[in-house]
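Below is one structure; the comments refer to it alone.
The values are calculated or read from the model by the stated rules, or taken from the named source; none is laboratory data. Everything quoted here is computed from the prediction, not taken from an experiment. Positions of Cβ are backbone-derived with ideal geometry, glycine not excepted, and every protein chain shown enters the neighbour counts.
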Amino acid sequence: MMPRSDRSAALRVLLWGLVAIVLVLTTLAGVMVVRQTSGLVGRVTGPPAPPRITQQVVVDRLQTVAKLVASEMTLRDVVTYQQTRFGSTKRALLVVTGRVSAGIDLTQGSEVHIDSAARKITVTLPPAKVFGVDVLDVTTYDERAGLLNPFRPEDRDAIHRMVREKLITAARESGILTHADRSADRALTELLTQDGYTVEIVRPMVVNKPTG
């Protein structure tokens, strides 16, 4: 026959075992209730709505890059200056090097349209234009003043204007504006493409009026 102390110990072990089983069953039941409730809520409310981009968000992002310098080009060209006065001609032959930058001014002529249903952002941009010219070097290879027509300060100013105009013309002929348009398209597409939205960049058609 088992002693009384042994029977008491066995009874305590049995009771603690039953308590542990009850706690485990209660925890499992709670987890199942939470899962069923979550599933029911999900079926009632549906999946969470995808994030939406507002007009103001796009405008704010564009304003952070109000002037987008999309292309830079370093060029070298020859400039010839000639001016005649009192039958006397002065001439100068120069080789110039300069850097021309071009891009998009987003503060003028840009528009934004958002199609939330199609998740599409359409941005209308003005055409690229030249932002600035930095004259890096001017080397004079020949300069001859006229007998009655010496070089004056206003001649230097005129030469400086010719240098800038020559560099801008050379940059345009080299396709800097086309390159700036394409670079701006890529930069803005990367800036605005997120949250499942696609971006389309458009530009208004430029109609050249007939002259004459």
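Structure notes:
- Scanning region 111-133 turns up at least one residue that is in a strand (DSSP E or B), farther than 27 Å from Val58 by Cβ, among the hydrophobic types (A, V, I, L, M, F, W, C) and in contact (Cβ under 8 Å) with a residue 12 or more places away in the chain.
- Among residues of region 183-199, those that are loosely packed, with under 14 Cβ neighbours inside 10 Å and closer than 19 Å to Lys67 by Cα, counted: 2
- In a residue-by-residue description of region 191-198, the property of being part of a helix (DSSP H, G or I) and under 25 Å from Gln108 (Cβ atoms) applies to at least one position.
- Condition check for Asp77: of a type in the set (Asp, Glu), over 23 Å from the mean Cα position of the chain (by Cα) and surrounded by 15 or more Cβ atoms within 10 Å (Cβ to Cβ): yes
- All of (1) over 30 Å from Arg156 (Cβ atoms); (2) at pLDDT 90 or above; (3) of a type outside the set (Lys, Arg) hold for Glu111 with one exception: (2).
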